[in-house]
1. Taking the alpha carbon gyration tensor of the chain, what are the square roots of 5 times its eigenvalues, largest first, to the nearest whole Å?
2. Please determine, in degrees from 0 to 90 and to the nearest 10, the orientation of helix 193-209 with respect to the longest principal axis defined by the Cα atoms of the chain, where the helix direction is its Cα long axis.
3. Go ahead and set up a Gaussian network model of the chain, Cα springs under 10 Å, then flag whichever of S44, S147, S33 fluctuates most.
4. Dipole magnitude of the range 118-186 about its Cα centre, charges +1 at Lys/Arg Cβ and -1 at Asp/Glu Cβ only, in debye to the nearest 20?
5. Once Lys and Arg get +1 and Asp and Glu get -1 on their Cβ, which of G84, Q99, L72 lies farthest toward the positive end of the dipole of the range 11-108?
6. For the chain, what is the relative contact order in percent, using Cα pairs closer than 8 Å and at least 6 residues apart in sequence?
7. Report, by chain and number, residues whose modeled amide H sits under 5 Å from the one on S152, excluding near sequence neighbours (fewer than 5 apart, same chain).
8. Once every DSSP H run of n ≥ 4 in the chain is given -39500 (n - 2.57) and the sum is divided by its residues, what mean residue ellipticity at 222 nm do you get, rounded to the nearest 500 deg cm²/dmol?
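FYI, it's all coordinate maths here, none of it is from the lab. Being a predicted model, the structure only gives us computed values, none of them experimental. Cβ placement follows ideal geometry from the backbone for every residue including glycine, while neighbour counts extend to all protein chains displayed.
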Amino acid sequence: MEPSSNGKLSIREWSKDDRPRERLLARGPKALSDTELVAILIRSGTTTDSALDLARKILSKAGNDLHKLAGLGTNELMKLHGVGEAKAMSIVAALELGQRRRDTSLAERPLIAGSQSAYAVLRPLVEDLPHEEFWLLFLDRGNRLLSQGCISRGGMHGTVADPKLIFREALDRRASSVILCHNHPSGQLRPSEEDIRLTRKLVEGGRFLDIVVQDHLIIATTGYYSFADNGQLN
């Protein structure tokens, strides 16, 4: 492989299988390693190092820790041979955008710390419905809400919740835990035997998939019932 006219090995000059840009387009960014993503940011290497080699050196300087890399700053990055101002600024800007996205995401996603915070999210969705619906809250490892979804709708006296569908949804959304919920249009908050059996089945199934069922709320116009608060998740 010959270097380009400016003496640097650009990504365009790599063999097709080694081009991270093409891999990103074909497979998406999650298929790329940290090194490949940094190589895309810096665009080119030096007369002695390809962009991928230089990206490895940049990450090595930060101990292969993206958090430490974000804290280096442009001046520290520019101490590396081959990293000029433009490359350093590209890295710093990209990591700053990632941090801002994370901060915004956390601020917008409520922390579900217990049955009351779960009820605050679910109550507007089901409290006044004339029919039963079964909903899920999908949570990350920090108990922040990833998303919510209605799994099934039924009539006045019940709805069917399929465990296979529930766990498929949880896996698709990469949830670490879930909170179950359904409403009782009758206003009765006491769980039925079927509610209890279903909850036990889902708690047991979640253990096999490493997905924690944190609670099951029954919501009515009179308030809510929490399986967790009443010690019924064992």
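1. Details: eigenvalues 538, 63, 39 Å².
Three semi-axes, in Å: 52, 18, 14.
2. Compared with the principal axis, the helix lies near 20 degrees.
3. Among S44, S147, S33, the largest mean-square fluctuation in the Gaussian network model of the chain belongs to S33.
4. On the way: 8 positive and 8 negative charges, 67 e Å.
So the dipole magnitude of the range 118-186 works out to roughly 320 debye.
5. Of the listed residues, the answer is Q99.
6. Values: 345 pairs, mean separation 29.3, N = 234.
Across the chain, relative contact order equals 13 percent.
7. F134
8. Values: 9 runs with 101 residues, N = 234.
Dividing the helical sum by the residues of the chain leaves -13000 deg cm²/dmol.
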